[in-house]
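One structure below.
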Amino acid sequence: MPVVTRFAPAPTGYLHLGHVLNALHVWDAARGDPGGRVLLRIEDHDRQRSRKTYEDAILDDLSWLGFTADEPLVRQSERYAIYEDALDSLRKLGRVYACSCSRSDFEGQRYPGICRDKQLREGPGLGLRIRLDDAVVRFVDRRLGPQTQQPLLQGGDLLARDREGNWTYQFAVTVDDWKQEVNLVVRGEDLLDSTGRQILLARMLGRSAPPEFLHHALLMKSPTQKLSKSDGDSGIRDLRARGWTPEQVISSLAHLRCER
Ligand code: GLU
């Protein structure tokens with residue numbers, strides 16, 4: 001099967017060098033395989049933080065850099081019916097429950113299951129969670145090798161929809177990778193911990209084989225600091241305004257702290 005991979009920016013800020021490094025890995029993975037394809041997915045699941053102006057700027061910067069997708073782009077905000085169907089299939093299995101908790105109701109990353117057995121009625125102002133089995137998930141990352149994760153222990157039951165009605169990253173991305181038949185996910189290693197959850201969820205949804213994963217090193221601002229959207233010095237807009245060429249942007253990554 002030829003590689004189907006994706007570039008999936010969230011339009012909550014401008015494109016920066018970290019995205020470009022990710023794009024290089026994504027396009028390399030597809031172009032290194034005859035018949036390989038790259039999909040472009042705008043991850044605007046967070047309606048409060050996503051902005052059309054960011055989306056337009058990201059698309060403009062990508063095309064300026066020469067990254068071209070092989071299919072028309074999709075937006076998560078246009079796929080709610082698909083997420084609803086996927087959730088409904090889990091609801092029928094008794095896997096979905098309403099949850100009134102906010103982040104301040106529990107400590108750390110793991111949701112301790114406060115609403116698991118409360119039988120709250122679904123409705124506005126409540127989130128929706130998916131009851132996970134206490135499974136051990138094993139996968140082999142293409143760069144980091146064999147991994148073992150225990151999603152329930154790490155994060156607790158998975159939030160599919162938050163209290164504002166937004167589909168969550170974890171849920172939307174898993175449904176999209178499945179429905180778009182993505183078979184290789186190439187992303188930064190800051191998302192490694194999410195992978196077991198996404199594999200487990202994909203399995204619950206009925207996906208027969210999960211995608212493969214390649215988690216690449218992140219572009220670091222310093223040995224301990226990740227680049228962030230607020231780092232103006234790495235924004236592609238700013239580099240363009242200062243007269244950089246696309247070639248200079250791409251070749252600058254070779255000299256920065258990164259591992260291709
Ligand atoms: N939308 C995510 C981001 O912008 C990428 C998600 C993924 O690659 O799974 O960081």
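I'd like to check something: does the stretch 125-140 contain any residue that is part of a strand (DSSP E or B) and surrounded by fewer than 12 Cβ atoms within 10 Å (Cβ to Cβ)?
Yes: one or more hits.
Mind counting the residues in the stretch 11-20 that are within 12 Å of the ligand (Cβ to nearest atom) and aliphatic (A, V, I, L, M)?
Going through the stretch 11-20 one residue at a time, the tally reaches 1.
For the stretch 80-109, which positions are within 14 Å of ARG129 (Cβ to Cβ) and in contact with a helix residue (DSSP H, G or I) (Cβ under 6 Å, 6 or more places away or on another chain)?
Once the filter is applied, which keeps residues that are within 14 Å of ARG129 (Cβ to Cβ) and in contact with a helix residue (DSSP H, G or I) (Cβ under 6 Å, 6 or more places away or on another chain), the stretch 80-109 yields only VAL96.
Mind telling me which of the residues ARG75, ARG91, ARG103 ends up being within 19 Å of VAL182 (Cα to Cα) and basic (Lys, Arg)?
The match here is ARG75.
Tell me which residues, restricted to the stretch 165-210, are over 15 Å from ARG6 (Cα atoms) and acidic (Asp, Glu).
Answer for the stretch 165-210, where residues must be over 15 Å from ARG6 (Cα atoms) and acidic (Asp, Glu): GLU189, ASP190, ASP193.
Kindly provide the set of residues from the stretch 179-211 that are within 14 Å of the ligand (Cβ to nearest atom) and free of Cβ contacts under 8 Å to residues at least 40 places away in the same chain, ordered by number.
ASP190, LEU191, SER194, GLN198, ALA202, PRO211
Read-outs throughout are calculated quantities, based only on the coordinates presented, and are distinct from any laboratory measurement. Predicted, not measured: the structure shown is a model, and the values here were computed from it. So basically every Cβ, Gly included, is an ideal-geometry build from the backbone, and we count neighbours across all protein chains shown.
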